[in-house]
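**Q** Next up is a structure, given as structure tokens.
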Amino acid sequence: MKRNLLSIIILALMVVNIVLSAIMMVSVSSASRKTAQLVADISAVLGIEINGLPQSDVPGSVSMADTQVHTIQEELTIPLKTGEDGSSHYAVGNVSLSMNTKHEDFATYSETMTDREGLIKDIIFSVMANYTMDEAKISSTQIKKEILSEVQELFGSDFIYAVSYNFLYN
């Protein structure tokens, strides 16, 4: 009799365990679905994809074999906008432009890039002068996009497809 009673108690506890496990799985799966949806909504607002950059941010899918880099020869010292501390700050570094060798305008402009460095430097100085040191550290992607769009506007072409720089801020 004791064995049968013990077996019935164990069976009842197993059924309770299965029921509680099922309830827990349903509640956890709905919460994880809501979390996944929240992450998807936030990434959509920010414009990022889970599997990499959105196609709009991939620079024209130019391969490395079709890329030529023009580095501005001298190191630039750019005065930045005065920040909250009231003191003057500078960005010191080098700037490089990535050019698509397969673009029809590449042959026209690539050989005279050193002659046009003054115009390019002027664009870089004018864009960087709009930022304080703290803003420049945080907004490097935005600054590169602004410089790129103004350089493309200068040349009237998009054979230059990326701007890279390495600045130290003082």
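The values are calculated or read from the model by the stated rules, or taken from the named source; none is laboratory data. Small disclaimer: the values here were computed from a predicted structure and weren't measured. Don't worry about glycine lacking a Cβ; one is built from the backbone with ideal geometry, like all the others, and counts go over all protein chains shown. Surface areas here come from the heavy atoms of the whole protein model, side chains and all, with no ligands, DNA or RNA. Shrake-Rupley method; radii C 1.70, N 1.55, O 1.52, S 1.80 Å.
**Q** Filtering segment 76-104 down to residues that are touching a strand residue (DSSP E or B) at 6+ places or on another chain (Cβ under 9 Å) and of a type in the set (S, T, N, Q), which residue is surrounded by the most Cβ atoms within 10 Å (Cβ to Cβ)? Step through it out loud before you land on a result.
**A** Filtering segment 76-104 down to residues touching a strand residue (DSSP E or B) at 6+ places or on another chain (Cβ under 9 Å) leaves 76-80, 88-101, 103.
Applying the additional criterion that residues be of a type in the set (S, T, N, Q) yields 77, 88, 94, 96, 98, 100-101.
Values: THR77: 12, SER88: 12, ASN94: 14, SER96: 14, SER98: 18, ASN100: 21, THR101: 14.
Going through the qualifying residues, I end up with ASN100.
**Q** Among the residues of segment 153-170, which ones are closer than 17 Å to PHE106 by Cβ and in contact (Cβ under 8 Å) with a residue 60 or more places away in the chain?
**A** Filtering segment 153-170 for residues closer than 17 Å to PHE106 by Cβ gives 154-163.
Listed by number, the residues that qualify are ASP158, PHE159, ILE160, TYR161, ALA162, VAL163.
**Q** Now for a separate question. Might you check whether a residue that is assigned to a helix (DSSP H, G or I) and farther than 21 Å from TYR165 by Cβ occurs anywhere in segment 84-102?
**A** No: zero hits.
**Q** A further question on this structure: Kindly evaluate SER126 against the criterion of being small (Gly, Ala, Ser) and open to solvent by less than 70 Å² (accessible area, probe 1.4 Å).
**A** Yes.
**Q** When residues of segment 137-170 are filtered for being in contact with a helix residue (DSSP H, G or I) (Cβ under 7 Å, 6 or more places away or on another chain), in a helix (DSSP H, G or I) and of a type in the set (Asp, Glu), how many remain?
**A** Selection size over segment 137-170: 2.
**Q** Looking at segment 124-152, I want the residues that are among the basic types (Lys, Arg) and have a partner that is open to solvent by 30 Å² or more (accessible area, probe 1.4 Å) with Cβ atoms under 8 Å, at least 6 apart or on another chain. Which pairs are those?
**A** LYS137/TYR169; LYS144/SER164; LYS144/TYR165
**Q** Sticking with this structure for a sec: Of the residues THR141, THR112, THR132, which single one is open to solvent by less than 70 Å² (accessible area, probe 1.4 Å) and within 24 Å of the chain's Cα centre (by Cα)? Before you say what the answer is, go through the steps one by one.
**A** Numbers: THR141 fails: open to solvent by less than 70 Å² (accessible area, probe 1.4 Å); THR112 fails: within 24 Å of the chain's Cα centre (by Cα).
Result: THR132 is the single residue among THR141, THR112, THR132 that is open to solvent by less than 70 Å² (accessible area, probe 1.4 Å) and within 24 Å of the chain's Cα centre (by Cα).
**Q** Provide a single number: the residues in segment 1-50 that are among the acidic types (Asp, Glu) and either in contact (Cβ under 8 Å) with a residue 24 or more places away in the chain or not in a helix (DSSP H, G or I) (or both). So that I can check it myself, show each step before the final result.
**A** The first filter runs over segment 1-50 and keeps only residues among the acidic types (Asp, Glu), leaving 41, 49.
With the extra rule that they be either in contact (Cβ under 8 Å) with a residue 24 or more places away in the chain or not in a helix (DSSP H, G or I) (or both), the set shrinks to 49.
Residues meeting the conditions: 1.
**Q** Here's something else I'd like to know. Among (1) touching a Ser or Thr at 6+ places or on another chain (Cβ under 6 Å); (2) more than 21 Å from GLU74 (Cβ to Cβ); (3) open to solvent by 50 Å² or more (accessible area, probe 1.4 Å), where does SER164 come up short?
**A** (2)
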